[in-house]
Amino acid sequence: MVFTKILLCKEYSLNSKYLKYKNNKRNELWKPEVGTTWNWILDKNNNDIKSDYNVDVLDIDLFDNDKSTIELLKSQGHHIICYFSAGTIEKWRPDAEKFLKVEGLVRDKMDEWNENYLDITNPQLKPIMADRFKLAKEKGCDAVEADNIDIYSHNKVKKWKKPISVEDQINYDIWLTEVAHSNGLSIGMKNDIDNIDKLHKYFDFAINEECYDYDECGYYADTFIKENKAVFTAAYGDNCDEKFIKKLENCTKGKNLSIIIKDMELDQEYIYFDPDNYIFDDICNGNNSNVSMNDNNNNNSNNNNVNTNDNNNNYSNNNNNDDNDNSNNEKNNVDEATEIGEENDNELYNSSENIDSNNDINAVDIYSYNLIKFIYYLFILFYIILL
């Protein structure tokens, strides 16, 4: 029991160091790495966004969620990306009047959305847009998703008397990254593949919708992926449509994108999709919404436990080849040690489970837990040898 207490103290120390590290990282500019998991929740009817330990990042609406919601989600282990449009105005937003007061700033209505284009060359736009970054900082967002940063390519904008040029768009987008960083926020590049070579170095991650339909999935390999920047990818389709799933696989396999299958409402439901490792029935039945690195690590932990116990049993059986008295003594010692090991193992697991329940399960904690268990079983082996 003394040794078990030492192990428990050691594990708590490792957890504490990780939590301290994680809290320190919160004070730095957060940059999601390749493989970071995410969910995208912009449905304004989602007033109660639920935490999901399978997901590292939640991308939510800047205006529809208050500071307390963001603080709660962060305390549950999530990084928060806050969405707003940087190239259009949505007239129901609380700051819409600021845009509408500026002559010539609000332009044509978009074809598919109830939004109006903004003239990003108007010098009065930047102070208003800068206030949105300040709001994101005040609410505690880790990053922003500035949408509609490619309006120069839209047909209605091209028909303006003075259209937005590529240079206008690039300069504006770079300014957006500078304002974000000055507020301690990272910022994602939304779509706009045509300018990825010029803009990727300024942005901290990327967000793409339907790259498989526009032959865009491969453009991230030599830019964001090469720089270890996450590429959050949303796919819209029927998760039971084999043709759709196969197309998604063919277009994204081996590209290290963080892919989720969503409906267009962007509510909380999602299907995690790994094109390099998936089972169609799981995708169709929605089972992949609960697949994560944590689940895989738990499975690995269980496999390690089985392997270690098998090794201990084999070693015990070899010792039983001695004379009967020694054999019986060793058998009793092994049984006692195994019984103690199982009891302590349960205690260690329960302790880890309690810690994780307060601080969300993560890969570093699982790794520490497995390492400690490995050392513990080595101790059991030496204990048996000494007997």
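Quick one: which residue in Trp30, Trp92, Trp113 is at pLDDT 90 or above and under 21 Å from Glu210 (Cα atoms)?
After ruling out the rest, the residue left standing is Trp113.
For segment 92-136, give me each residue that is among the basic types (Lys, Arg), within 21 Å of Ser182 (Cα to Cα) and buried (at least 17 other Cβ atoms within 10 Å of the Cβ).
Of the residues in segment 92-136, the ones among the basic types (Lys, Arg) are 93, 98, 101, 107, 109, 126, 132, 134.
Right, trim to within 21 Å of Ser182 (Cα to Cα) and you get 126, 132, 134.
Once the filter is applied, which keeps residues that are among the basic types (Lys, Arg), within 21 Å of Ser182 (Cα to Cα) and buried (at least 17 other Cβ atoms within 10 Å of the Cβ), segment 92-136 yields only Arg132.
Give all pairs with beta carbons closer than 6 Å in which a residue from segment 119-135 that is farther than 25 Å from Gly184 by Cβ meets a residue that is among the charged types (D, E, K, R); count only pairs at least 6 apart in sequence or on separate chains.
Cβ pairs passing all conditions: Asp119/Arg107; Thr121/Asp168.
When you go through Ile187, Ile151, Ile170 one by one, which is the residue that is aliphatic (A, V, I, L, M) and either touching an Asp or Glu at 6+ places or on another chain (Cβ under 9 Å) or surrounded by fewer than 16 Cβ atoms within 10 Å (Cβ to Cβ) (or both)?
When all the criteria are applied, what remains is Ile187.
With respect to the numbered conditions (1) free of Cβ contacts under 8 Å to residues at least 24 places away in the same chain; (2) under 21 Å from the mean Cα position of the chain (by Cα), which one is the sole condition not fulfilled by Lys246?
With (1) free of Cβ contacts under 8 Å to residues at least 24 places away in the same chain; (2) under 21 Å from the mean Cα position of the chain (by Cα) applied to Lys246, the lone miss is (2).
Surrounded by 21 or more Cβ atoms within 10 Å (Cβ to Cβ), at pLDDT 95 or above and under 29 Å from Ile271 (Cβ atoms): is that true of Asp56 in this structure?
Against the criterion (surrounded by 21 or more Cβ atoms within 10 Å (Cβ to Cβ), at pLDDT 95 or above and under 29 Å from Ile271 (Cβ atoms)), Asp56 qualifies.
Going through segment 136-160 one residue at a time, which ones are part of a loop (DSSP other than H, G, I, E, B), farther than 25 Å from Pro32 by Cβ and in contact (Cβ under 8 Å) with a residue 12 or more places away in the chain?
His154, Trp160
Within segment 220-243, track down each residue that is within 23 Å of Asp194 (Cβ to Cβ), surrounded by fewer than 22 Cβ atoms within 10 Å (Cβ to Cβ), over 16 Å from the mean Cα position of the chain (by Cα) and not charged (D, E, K, R).
Matches in segment 220-243: Ala221, Thr223, Tyr236.
The values are calculated or read from the model by the stated rules, or taken from the named source; none is laboratory data. What you see is a predicted model; the values in this text were computed from it and never measured. Backbone-built Cβ (ideal geometry, glycine too); neighbour counts: all protein chains shown.
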